[in-house]
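Report on the following structure.
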Amino acid sequence: MKDHRTAILHALKDVFVPVLRQRGFKGSLPHFHRMLPDRVDYLTVQFYSSGGSFVVEIASAGPEGKPRGYGATLPIQKLNASFFRNRLRLGSDLTVGKSDYWYVFGPRSYDSPEPVRSLEYYRAIALRVVQDFERQADHWLLANAGAA
């Protein structure tokens, strides 16, 4: 299972992280933030505890970059999307009631073992993350800025 996770991490670093950098995000897997004049955006990659899949969540806060309540005293560099109630899982489609989207890349710890696939398989998953980010993130982050 570890080999599958290593492969998807490499693909995310090669394909997705450069897109985040181009968009002004700082940090490293799994947590990123972007400080803008009117808001602070957060992005977190969270792997399923049993392996095989992950979610990418985004959140936004006003210019102070803080959530209300839990985490409000932490510096921005220590915060991540999980501190915010109002957040979006990339790939979800709220118009059809689908709010919980997971990117599947390999077997879970309780599944039958599978061989590691080609690098292109994992890169294709990372590309789907990029496509969902480009399709959903900017619009959602702008619309939800300050709704921490």
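The table below gives the values:
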| read-out | value |
| --- | --- |
| For the chain: relative contact order, % (alpha-carbon pairs under 8 angstrom, 6 or more apart) | 30 |
| Point-charge dipole on Cβ atoms (K/R +1, D/E -1) for the chain, about Cα centre, debye to 20 | 320 |
| Peptides ranked, highest mean first, by Cβ atoms within 10 Å: ranges 74-80, 91-97 | 74-80, 91-97 |
| Sulfur and carbon atoms: percent of accessible area, the range 1-144 [1.4 Å] | 53 |
| Accessible surface, the chain, averaged per residue in Å² (probe 1.4 Å) | 54 |
| Dipole magnitude of the range 76-137, debye to nearest 20 (Cβ charges: Lys/Arg +1, Asp/Glu -1, about Cα centre) | 280 |
| Cα-centre dipole for the range 1-45 with unit charges at Cβ (Lys and Arg positive, Asp and Glu negative), debye to 20 | 60 |
| The chain - mean residue ellipticity at 222 nm from DSSP helices (-39,500 (n - 2.57) per run, n ≥ 4, rounded to 500) | -9000 deg cm²/dmol |
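The values are calculated or read from the model by the stated rules, or taken from the named source; none is laboratory data. The shown structure was predicted, so the numbers you read here are calculated from the model rather than taken from an experiment. Neighbour counts run over all protein chains shown; Cβ positions are idealised from the backbone, glycine included. These area figures cover heavy atoms from the full protein model, side chains too; ligands, DNA and RNA do not enter into them. Shrake-Rupley method; radii C 1.70, N 1.55, O 1.52, S 1.80 Å.
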